[in-house]
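Undergrad: Let me give you the structure first, and then I'll get to my questions.
The values are calculated or read from the model by the stated rules, or taken from the named source; none is laboratory data. Not measured: the values here are computed from a predicted model. FYI the Cβ positions are ideal-geometry reconstructions off the backbone, even for glycines, and counts take in every protein chain you see. Protein only, heavy atoms only, side chains kept; ligands, DNA and RNA dropped before computing areas. Shrake-Rupley method; radii C 1.70, N 1.55, O 1.52, S 1.80 Å.
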Amino acid sequence: VGQAGMIRKHQQETLLSYHYIFGTTQVSLMASGFTSRKHRIKSSKRLSIAQATALTEKMALVFGDIKDPRVERTRVHILTDILSVGILSVIAGGNGWEDMENYGLSKCEWLEQFLALPGGIPSADTFRLVD
């Protein structure tokens, strides 16, 4: 199996883990694609405060032990936010760094409900740095 096959297998395992941790309801909401029909989130898809808090806590537990490979003085984005947007992009069918950025931009309002995003949506270059 080549490197592409190993990466695809790792992505599938990650998606299964993410699906197990966050449950089918949240994953089905996350995987609704790159483009939003409207800039406003429909109330039926809006996460409650309790759901958003629980989701954020689970992400912190899952990603908390991962070492941040970036130089500390240049960090603008929280590693958990970068990883979350990246994984959600892959679940939605994204295939690269630009897709991760585009997914984040198209779902920004929704992502802000449960991610800190102090520097906004990470750029494609930021996703590349975390690789």
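Undergrad: From the residues in the range 90-111 that are of a type in the set (D, E, K, R) and not in a loop (DSSP other than H, G, I, E, B), which one is surrounded by the most Cβ atoms within 10 Å (Cβ to Cβ)? I'd like the intermediate steps shown before the answer.
TA: Here is the first cut: in the range 90-111, the residues of a type in the set (D, E, K, R) are 98-99, 101, 107, 109.
Subsequent filtering for residues that are not in a loop (DSSP other than H, G, I, E, B) retains 98-99, 101, 109.
Details: 98: 15, 99: 18, 101: 21, 109: 13.
Per the criteria, the residue is 101.
Undergrad: Whether any residue in the range 92-115 is over 13 Å from the mean Cα position of the chain (by Cα) and within 21 Å of residue 50 (Cα to Cα) is what I want to check.
TA: Checked against the condition, which is being over 13 Å from the mean Cα position of the chain (by Cα) and within 21 Å of residue 50 (Cα to Cα), the range 92-115 yields at least one hit.
Undergrad: Follow-up. Does residue 114 count as of a type in the set (Phe, Trp, Tyr), modelled with pLDDT of 80 or more, under 24 Å from residue 129 (Cβ atoms) and open to solvent by less than 90 Å² (accessible area, probe 1.4 Å)?
TA: Values: of a type in the set (Phe, Trp, Tyr): yes; modelled with pLDDT of 80 or more: yes; under 24 Å from residue 129 (Cβ atoms): yes; open to solvent by less than 90 Å² (accessible area, probe 1.4 Å): yes.
For residue 114, the condition - of a type in the set (Phe, Trp, Tyr), modelled with pLDDT of 80 or more, under 24 Å from residue 129 (Cβ atoms) and open to solvent by less than 90 Å² (accessible area, probe 1.4 Å) - is met.
Undergrad: Within the range 62-72, does at least one residue satisfy the condition of being within 13 Å of the chain's Cα centre (by Cα) and of a type in the set (Val, Ile, Thr)?
TA: The first filter runs over the range 62-72 and keeps only residues within 13 Å of the chain's Cα centre (by Cα), leaving 62-63.
Applying the additional criterion that residues be of a type in the set (Val, Ile, Thr) yields 62.
Checked the range 62-72: at least one residue is within 13 Å of the chain's Cα centre (by Cα) and of a type in the set (Val, Ile, Thr).
Residue-wise test of (1) in a helix (DSSP H, G or I); (2) within 14 Å of residue 130 (Cα to Cα).
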site: 55; (1), (2): yes, no
site: 62; (1), (2): yes, no
site: 68; (1), (2): no, yes
site: 77; (1), (2): no, yes
site: 80; (1), (2): yes, yes
site: 84; (1), (2): yes, yes
site: 88; (1), (2): yes, no
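Undergrad: Sticking with this one: When you check residue 64 against the structure, is it under 22 Å from residue 50 (Cα atoms), out of contact with any His (no Cβ under 8 Å at 6 or more places or on another chain) and not basic (Lys, Arg), yes or no?
TA: Working: under 22 Å from residue 50 (Cα atoms): yes; out of contact with any His (no Cβ under 8 Å at 6 or more places or on another chain): yes; not basic (Lys, Arg): yes.
When the stated conditions are applied, residue 64 passes them.
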